[in-house]
1. Please work out which residue is nearest to K89 (Cα to Cα), limiting yourself to region 35-55 and to residues that are modelled with pLDDT under 90 and touching a helix residue (DSSP H, G or I) at 6+ places or on another chain (Cβ under 6 Å).
2. What helices (runs of 4 or more DSSP H) lie completely within region 43-108 and have 2 or more residues being on the phi > 0 side of the Ramachandran plot?
3. Can you find, within region 68-108, the residue that is surrounded by the fewest Cβ atoms within 10 Å (Cβ to Cβ) among those that are under 16 Å from Q48 (Cβ atoms) and among the basic types (K, R)?
4. Collect the residues in region 16-34 that are among the charged types (D, E, K, R) and either within 11 Å of the chain's Cα centre (by Cα) or modelled with pLDDT under 75 (or both), keeping them in residue-number order.
5. When region 70-88 is examined, which residues are found to be aliphatic (A, V, I, L, M) and farther than 19 Å from D45 by Cα?
6. Could you list, in sequence order, all residues of region 74-94 that are among the aliphatic types (A, V, I, L, M) and closer than 26 Å to V27 by Cα?
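The values are calculated or read from the model by the stated rules, or taken from the named source; none is laboratory data. Bear in mind the structure is a predicted one, so any value in this text is a computation, not a measurement. Note: ideal-geometry Cβ built from the backbone for every residue, glycine included; neighbour counts use all protein chains shown.
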Amino acid sequence: MAHIDKNQFAERLLTLSAELRTLSDEVTQDTSALMQQSEGQMIDDLAQFGLQLNARRKALGIDLAMLELQTGISVSTLKRLFKDPAQVKFGTVMAVAQALGVKLCSGV
């Protein structure tokens, strides 16, 4: 194993720490921007809502297999949901929305 100078190691750790902070800040900003875009949008068309959920999934970089692992909902059901949420149970829609960070609110 190569010998690493303690000062070099400490400098590298500081650099990596700064890079991680920057990356974390960027992710936080991107997430905030996505949430602001979706705030206040009323759902008046279920097919459009399915498309919005699918767009959110893609924006977050989550593939269908990963979403299946996160939610326990099969890929085939996820595809149906994104095409037309009326084809699946409301609990399924809620689970996927929650996994994607989408809040469903009543207008009451």
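1. L46
2. By residue number, no helices (runs of 4 or more DSSP H) qualify.
3. Residue satisfying both the conditions and the ranking: K83.
4. D30 - this is the single residue of region 16-34 that is among the charged types (D, E, K, R) and either within 11 Å of the chain's Cα centre (by Cα) or modelled with pLDDT under 75 (or both).
5. I73, V75
6. Listed by number, the residues that qualify are L78, V93, M94.
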